[in-house]
Amino acid sequence: MAKTGTTSQGLREAIERSGYYPALVADAVEAAVGREAVASYLVHQETTFDSNEVRRHATVLVLTGTRFIVSHTDEQSADSTAPAPYATTSTESVKLDRISSVVLSRVVSDPQSYKPGTLPREVVLTIGWGAVSRIDMEPANCGDPNCEADHGYTGSTTADDLSLRISEAGDGPETVRRTLEFAQALSEATAVAGT
């Protein structure tokens, strides 16, 4: 379930509607936003299945005039260190000029019949700001199948700080539309911040 909008009050209402520890999530997000005005937001709750357990996770993305704020809240089962279930919440505040990429991947059905404005059936929003990078390495070769020389390694680095998958089937068409709106707002804000 994802919600988007443009006001602090709307943000709080979206967090409350998600139903996922709303007081905890709102407190963490509002502390991170501080006195800045909210330009856009996205609230996404996801349920996953881990062995015999159902786990919930909430991500809140907030765009202000100067920052991108991301908050994650996860619930944890009781374990040897905690006799009762508990939740962890973290927030990160990133200056807009630090965001290096906003990638929006769209999956559309029946592409030969696509009409502009048609919602994709799924979107993946990936945002990079350099906090987390993935390096994929493999042995380099010269193309000669009989060559036994050591050519070192080749690879690529990918910024992969945050990735959210939103689908029409799982989250609903309105959620897909709202994710597109947030991605556009963030992309436009980072373009302005970079000038």
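The values are calculated or read from the model by the stated rules, or taken from the named source; none is laboratory data. Predicted, not measured: the structure shown is a model, and the values here were computed from it. All Cβ positions, glycine included, derive from the backbone under ideal geometry; neighbour counts span all protein chains shown. Heavy atoms of the whole protein, side chains included, go into the accessibility calculation; ligands, DNA and RNA do not. Shrake-Rupley method; radii C 1.70, N 1.55, O 1.52, S 1.80 Å.
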Show me, for the range 91-103, the HN-Hα J-couplings you get by feeding each phi into the Karplus relation (A = 6.51, B = -1.76, C = 1.60, θ = phi - 60°), rounded to Hz, glycine and proline as x. 10, 9, 10, 10, 4, 4, 6, 8, 6, 9, 7, 10, 10
Zone reached by a paramagnetic label modelled 7 Å from E174 Cα along Cα→Cβ, restricted to the range 43-59 with backbone N below 18 Å, covers 43-46
Any number yet on Rg/Rh for the chain, C-alpha, Kirkwood? 1.06
Using a 1.4 angstrom probe on heavy atoms only, work out the carbon and sulfur share of the accessible area of the chain in %. 49
Just to compare against my own numbers: the Cα pair-distance distribution for the range 69-127, 10 Å bins, whole % per bin, please. 16, 25, 23, 24, 9, 2
Long-range HN-HN contacts of R121 with modeled amide H, under 5 Å: V107, V108, S109
Using 0.36 nm per residue, how much length does the chain from A23 to E138 gain when fully extended, once their Cα-Cα distance is taken away? 36.7 nm
Solvent-accessible area of R67 with every protein chain in place, 1.4 Å probe, in Å² to the nearest 10: 40
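Starting from 0.36 nm per residue, how many nanometres of slack lie between H151 and E16 once their C-alpha separation is accounted for?
Working: separation 135, 0.36 × 135 = 48.60 nm, distance 5.63 nm.
Here the segment from H151 to E16 would lengthen by 43.0 nm.
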So if each residue of separation counts as 0.36 nm, and I subtract the Cα-Cα distance between S93 and S163, what length gain in nm does that give? 23.6 nm
Restricting to DSSP H runs of at least four residues, report the calculated mean residue ellipticity at 222 nm for the chain, -39500 (n - 2.57) per run over all residues, nearest 500 deg cm²/dmol. -7500 deg cm²/dmol
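Can you tell me the FRET efficiency between A84 and S105 if r is taken as the Cβ-Cβ distance and R0 is 41 Å, rounded to the nearest 0.05? Mind showing how you got there, number by number?
On the way: r = 39 Å, r/R0 = 0.95.
After rounding, the FRET efficiency stands at 0.55.
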